[in-house]
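Report on the structure given below.
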Amino acid sequence: MEANQVAVLHGDAEFAARTGHLFAAARTTFACVVRDPGTWARVSARHRASVPAGVAVTKLVSPAVLAGEQYRDQLREITAAGAQVRVCGSALPHETIIIDQRIAIIAGGHAPAGREYTVTTSPALVAGVSDLFRAAWSAAVDFGSYLTREAPPLLDDCARDVLRALGDGLTDEAASRRLGVSLRTYRRRVADLLMALEADSRFQAGLRAGQLGLAR
């Protein structure tokens, strides 16, 4: 990309095809903001591995991503390799990658036609995104300390599906049909979710999920 250029990439396939060289071009810093562990995971492992050794890696994550043990393990691995990881106090609005303070990549919201990714080398835009990252980073908590003190409860995919069904206001019958399980099984999963969130009611579970950044 030339200076001041802004490009919009449509869908994960185009994103993966057109950004690999940007990862490999990192020289000093590689910062990443994560609110959904699946977003950047869809970039091929080869792309992620192409970030050169010696580049300072920082990762800022929403509390919700720590609800999965697999991603907690991934974060433990990258911190052991020298990356710095912090957890924001609430859900982050945008997922972002900043490379060398000269390239910013911002992931758009989920859409039926696929996500859009905005890539820019505009100095003003990159500086603005970097400033927001630094502000959020300074207010965030170290990953290790967060796990020790206040990590969200672990939720598997089934629990997340139930949480989404509750958030969508579905009746138990409609939710059980969506999930492809019996009504009895769905209600048991709701009870398991309430226990995991330490909630006394479905309403309280929704509030608790929102506080932890788990509700989406």
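Odds and ends about this structure:
- Residues (free of Cβ contacts under 8 Å to residues at least 40 places away in the same chain and surrounded by 19 or more Cβ atoms within 10 Å (Cβ to Cβ)) located in segment 162-188: Val162, Ala165, Ala175, Ser176, Tyr186
- Once segment 115-168 is narrowed to residues that are part of a loop (DSSP other than H, G, I, E, B) and modelled with pLDDT of 90 or more, the residue that is nearest to Phe15 (Cα to Cα) is Thr121.
- Criterion violated by Leu125 - all others in (1) touching a Lys or Arg at 6+ places or on another chain (Cβ under 9 Å); (2) in contact (Cβ under 8 Å) with a residue 40 or more places away in the chain; (3) not charged (D, E, K, R) satisfied: (1)
- Some residue of segment 91-101 being in contact with a Gly (Cβ under 6 Å, 6 or more places away or on another chain) and closer than 21 Å to Phe133 by Cα: yes
The values are calculated or read from the model by the stated rules, or taken from the named source; none is laboratory data. Note that this is a predicted model, so its numbers are computed, not measured. Heads up, the Cβs are rebuilt from the backbone with ideal geometry, glycines too, and the neighbour counts pull from every protein chain shown.
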